[in-house]
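As structure tokens, the structure follows; a few thoughts come after it.
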Amino acid sequence: MPRIIGPGISGVVTASRDVLKAGMRRVSASASSNSLSTNIEWPSPSFADSIDPKNSVPDEDLKRIARAMGCAVEDLTAYPNLHNPSQHSKQYITAKGLTIPAYRRTPFMDWRVKMPPATLKSRKSKLAYRHPIGLDQAFKEALGVIEGDRQQKYDKVLKMQDRIDTILQHYNVSRIDQIPDQKARGEAYLASIDIEKLRITAEINNPEVIHQFNSGNSDMKFPVYRHLARQKWEQDDRLLLMDRLESMKVIPDTLATFYPHVDLKIRFPGTTSHWIDPGRIMSTGVTAQAPEFSIQIFEDKPKLYTIVILDPDTPDLENDSYKHTLHYILADVKITGNEPLVDKSLARELVPYLPPHPEKNSGFHRYVVWVFEQPGGERLAVQQRKGKGQIDIDSLLERDGFDIRLFRSAHGLKAVGAHFWRNGYDSKTDGVREKFGLGPGNVYTHKRFQHYEDYRG
């Protein structure tokens, strides 16, 4: 197959194609458990090796590659290369020899060690397996095709990025949304969307990228990992979330239906180390402490969020209905793609956490967590509402009868994530009430009619 070289990033990104032609080097891996040793073929130095700081690579080439991939220069050395297995995979082979579970193997392992395919179940069929003739050559040629396609896409990225930079320099602005001309702003915005798509498709067929993602080693700085994470979330967790929110009437009892944009997870410190599923019934002793939050975003720009927890199932005896009780508000939560865990010390606690304390015979209460995106990435502050005048922020933060719809509209917030759990009265509830000074709760009973006059009123 002829060598495919693009004019933009020649010599570095396509260097791995020449590396394959240079030959293979053999590495002996010895197993620590059964002293089994075998010769495993590894490729020659790859793209990740060529940009090592010890090697002499022009800074301009490194900057151009980083610009094409949408990352910093220092992130290039950690990026999984097309022809070089991850260091994690190499160490795992060295430690375990050939006793690698089928689900932990990468395509590179099967190619070098010549293991039977994972689809073969019986030991007899595995022993009878023979490595197909020409598979090594076909695999290397396939990698060459992927590399050529990758090169062409990165060349297009650089051309489109140059066009955006030209428009920004012409209007002397730093961001696309600051471009005054509507037509030029639309052109630059569409180009930025195409750049993101090209960066994803350039790496989506990289076997090592898929292996790193499945192993939980994703780096959200790169668009391909953000794309894979969002795709997995939309196919699994988001479907479960929306099913629970609608089937248990969280929507529309609190807010109208919405389209989730972030993956919100919660857990409670000290007692549960895993993230809980939406709608799970928890003990009041477990939920006595404020939960920990994980907000996974699928964008490269950090944003500010507000977290609200409320109980829509508080009995309202005067109106023979239910009302909302505010339990927690955490504002100015800064989240990046690589750091989804919420650091409460860096945020602003508007309303302290009030632990759930359902009253006896009041049924299960839903404790709903809403995540709102703050407008413009600015700190949360009360804004002027059209036709309504200024709103007193103290009235918005009252726990009893909290109006989440008014709170959202007054601050111009956008709902992007949701979660909830359930609590009922249990053996720990009275202890929680006493510890936090909440006083004795009510005990609800059904009214029983003793005489016929009671029915007549």
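The values are calculated or read from the model by the stated rules, or taken from the named source; none is laboratory data. What you are looking at is a predicted structure, and each value in this text was computed from that prediction instead of being measured. No Cβ is skipped: glycine too gets one built from the backbone with ideal geometry, and neighbour counts run over all protein chains shown.
Scan the stretch 248-255 and tell me whether some residue there is in the same structural domain as Asp403 (by TED's automatic domain parsing), farther than 20 Å from Arg408 by Cα and surrounded by fewer than 18 Cβ atoms within 10 Å (Cβ to Cβ).
yes
Can you tell me which residue in the stretch 221-232 is surrounded by the fewest Cβ atoms within 10 Å (Cβ to Cβ), limited to those that are in contact (Cβ under 8 Å) with a residue 40 or more places away in the chain and either within 13 Å of Met69 (Cα to Cα) or assigned by TED's automatic domain parsing to the domain that holds Pro260 (or both)?
Lys221
Would you mind stating whether Arg185 is in a helix (DSSP H, G or I), without any contact (Cβ under 8 Å) to a residue 12 or more places away in the chain and either buried (at least 17 other Cβ atoms within 10 Å of the Cβ) or of a type in the set (Asp, Glu) (or both)?
yes
Considering each of Leu239, Leu264, Leu310 in turn, give the residue that is under 18 Å from Gly417 (Cα atoms), within 20 Å of the chain's Cα centre (by Cα) and at pLDDT 95 or above.
Details: Leu239 fails: at pLDDT 95 or above; Leu310 fails: within 20 Å of the chain's Cα centre (by Cα).
Criteria check complete, one pass: Leu264.
Tell me whether the stretch 423-443 contains one or more residues that are closer than 26 Å to Ala256 by Cβ, modelled with pLDDT of 90 or more and not basic (Lys, Arg).
Checking the stretch 423-443: at least one residue is closer than 26 Å to Ala256 by Cβ, modelled with pLDDT of 90 or more and not basic (Lys, Arg).
Kindly indicate the residue of the stretch 260-302 that is of a type in the set (Lys, Arg) and in contact with a strand residue (DSSP E or B) (Cβ under 6 Å, 6 or more places away or on another chain) and also farthest from Glu434 (Cα to Cα) among those meeting that condition.
Once the filter is applied, the top-ranked residue is Lys265.
Let's see how each residue does on (1) surrounded by 13 or more Cβ atoms within 10 Å (Cβ to Cβ); (2) under 12 Å from Val157 (Cβ atoms):
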position: Ile176; (1), (2): yes, no
position: Pro180; (1), (2): no, no
position: Glu196; (1), (2): yes, yes
position: Arg199; (1), (2): yes, yes
position: Ile204; (1), (2): yes, no
position: Gly216; (1), (2): no, no
position: Asp219; (1), (2): yes, no
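Within the set of pairs 6+ apart or on separate chains, which have a first residue in the stretch 393-416 that is among the charged types (D, E, K, R), a second that is surrounded by fewer than 15 Cβ atoms within 10 Å (Cβ to Cβ), and C-beta atoms under 8 Å apart?
So the pair list comes out as Lys414/Pro375.
Could you pull out the residue among Thr271, Thr325 that is crowded, with 17+ Cβ neighbours inside 10 Å and either modelled with pLDDT under 90 or out of contact with any Gly (no Cβ under 7 Å at 6 or more places or on another chain) (or both)?
Going through Thr271, Thr325 in turn, the sole match is Thr325.
Kindly indicate whether Lys323 is in contact (Cβ under 8 Å) with a residue 60 or more places away in the chain and under 16 Å from the mean Cα position of the chain (by Cα).
No.
Taking Asp300 as meeting all but one of (1) within 26 Å of Asp403 (Cα to Cα); (2) among the acidic types (Asp, Glu); (3) out of contact with any Pro (no Cβ under 7 Å at 6 or more places or on another chain), write down the number of the exception.
It fails just one condition, (1).
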